[in-house]
Amino acid sequence: MADPEFAGKREGESGRPQSPASPPECAASGLARPRKEKLVVLFRLPLAIEKQLEQIPGAGDVTPAYMLRAFAKEARAELRRLLAEDDLAPHVDEARRIFAMAASDMAVGEPMTVYAQSSAIRAMHAALDDPWLIEARATIVGAFLAAIASLLIEARRVR
């Protein structure tokens with residue numbers, strides 16, 4: 001092992017070539033794909049939003065749980081498309097309202113796996129006044145997921 005070729009290598013690493021690190025200019029030039037993060041969030045809506053489900057056309061044909069899953073699925077797809085601060089703009093006010101709500105004002109939800117871009121998650125933290133990223137990512141992303149779903153419900157509701 002005193003041979004310089006093996007210096008600093010653990011057993012089994014001697015024959016493997018070193019993998020070159022990707023140069024930083026590749027990431028800066030946009031060649032790297034945006035990184036998605038997988039999170040498990042608790043999908044919870046405000047109680048007032050859940051009551052609005054009855055005002056959606058065709059609500060009598062399906063159960064409220066089925067409708068909530070459909071809106072959650074649509075909100076999850078929208079969440080996946082968000083990339084940066086500009087994409088979050090329509091959802092920020094509702095996400096702030098939901099983030100500030102007490103747990104007693106929220107309906108019990110179910111855990112969901114979501115995917116979000118790292119850049120969007122950082123922008124979500126900034127939009128909810130958490131620039132030091134102290135709050136849990138799942139909490140922040142969950143607020144935006146609920147905001148997107150509540151806006152979708154509001155848009156489909158009969159006036």
Suppose each label sits 7 Å from its Cα in the direction of the beta carbon; what would the Tyr66-Arg96 distance come out to in nanometres? 3.8
Along the Cα→Cβ direction, 7 angstrom out, place labels at Glu110 and Glu135. What is the inter-label distance in nm? 2.5
Could you compute the FRET efficiency for Ser119 and Arg156, with r as their C-beta to C-beta distance and R0 at 30 Å, rounded to 0.05? 0.55
Would segment 53-118 count as rounded, prolate or oblate if I go by the C-alpha gyration tensor, calling it rounded below 1.5 in a/c and otherwise prolate when a/b exceeds b/c, oblate otherwise? prolate
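Only the coordinates and a few stated rules stand behind these numbers; no lab work does. All values reported here derive from a predicted model rather than from experimental measurement. Cβ: placed from backbone, ideal geometry, glycine included. Neighbour counts: every protein chain shown.
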